[in-house]
Amino acid sequence: MNRAKLDLWPVDKVVLVYFAIVGSIEAIWFRQIPDATFYLMLHAVQATLIVVGARSPIRASLPTRAIWVFRNWYPLLFVAWCYREMANLIAAVRHARFDQALASLDYSCWGAYPTVWLERIYSPLLTESLQLVYALFIPMTLLVPAIAWYRERYADFRYMAFLLSLGYLVSYLGYLSVPVRGPRFFLDHLQHTPLQGLWFFDSIQTMLNDLEHNYADCFPSGHTELTIITWWLSRAVSDKLFKAYSLYTAAIIFATVYLRYHYTADLLAGVVVALILILAAPRLYRGLSREGEAFGD
């Protein structure tokens, strides 16, 4: 009986390396991390699914077609779970917070705290609008690869999934390295006006607070980093979409500070990480691809 050849895609290798890094952390700090056994077992199951998918031939039959769909889409699903896991890891093994350093850096650059200074343009309508922009982050990052998938541009989709997954996972490791809660907590005592919207602001903010869990996920700004990456990838879809994402990118970067989620130092770090990944990804993708497939040059 011939065994199917293992055909790991570049994104598979990135995700498996990430699992190895996080699994090592969970093994080292096993006693401090609640549910460490569950996380380690789940990573083993996820890695097994990746390997099984990489050994499955591509055929038109329903079972193998379903595996093929899973192989393409799983990175964008797994990274969402990885975010929740990272929040728990940070709470368990990282007790230092770097808000003072970043707030001081912001103040030295601007002569004021940006979130406090922006109160002078505060309005409920602007707050409501920017909170909606901020809340659309996940759908907007998934829209571009979804369009590529819908148009059956599968090679483009795989590269987009690779770059976006890489961006998410790098940002998670950044949160672990430099845990930061953000100005909405650290500088709250300096704010003169609480943020208020008109209709759905409170419910959206409550939902996001529940999703963000332990609130040490500011550096680098994932919203900035991933939106810039998505903006760059949108060039491959259409000029109109690229222009629309140009506006959305500017809006969400402003929203992260106006809504008091981020220091401007977080934004700068997000921009730098995004640019590094955009420039490095084509060569990295080619190097990790078995056939040297490249996209994005």
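Values quoted throughout were computed directly from the atomic coordinates according to the rules given, and no laboratory measurement underlies them. What you see is a predicted model, and the numbers here were worked out from it, not measured in a lab. Note that we place each Cβ from the backbone using ideal geometry, even for glycine, and neighbour counts take in every protein chain shown.
Give, rounded to the nearest 20 debye, the magnitude of the charge dipole that the chain has about its Cα centre when Lys and Arg contribute +1 at Cβ and Asp and Glu contribute -1 at Cβ.
Result for the chain is approximately 980 debye, rounded to the nearest 20.
For an R0 of 30 angstrom, estimate the FRET efficiency from the Cβ-Cβ distance between residue 206 and residue 151 and round to the nearest 0.05.
0.25
Give, in nm to one decimal, the length gained when the segment between residue 101 and residue 244 is fully stretched (0.36 nm per residue of separation minus the Cα-Cα distance).
48.0 nm
Give the cross-link partners of residue 13 among the lysines, using a straight C-alpha distance below 28 Å as the criterion and excluding same-chain residues fewer than 8 apart.
Cross-link targets: 5.
GNM on the chain, C-alpha springs below 10 Å: top fluctuator among 227, 127, 264?
Ranking 227, 127, 264 by mean-square fluctuation puts 127 first.
Over the residues of the chain, compute the C-alpha Rg and express it relative to 2.2 N^0.38 Å.
Dividing the Cα Rg of the chain by 2.2 N^0.38 Å gives 1.06.
Pairs of alpha-carbon atoms within less than 8 angstrom and 6+ residues apart define the contacts here; what relative contact order does segment 10-288 have, in percent?
Value for segment 10-288: 25 percent.
Show that you can apply the helix-only estimate: for the chain, add -39,500 (n - 2.57) for every DSSP H stretch of four or more residues, divide by all residues, and state [θ] at 222 nm to the nearest 500.
When only DSSP H runs of four or more count, the value is -23500 deg cm²/dmol.
Go ahead and run the numbers for FRET between residue 189 and residue 94, Cβ-Cβ distance against an R0 of 30 Å, rounding to 0.05.
Here the calculated transfer efficiency is 0.80.
Note down the nm distance, to one decimal, between modelled labels 7 Å out along Cα→Cβ at residue 81 and at residue 17.
2.2 nm
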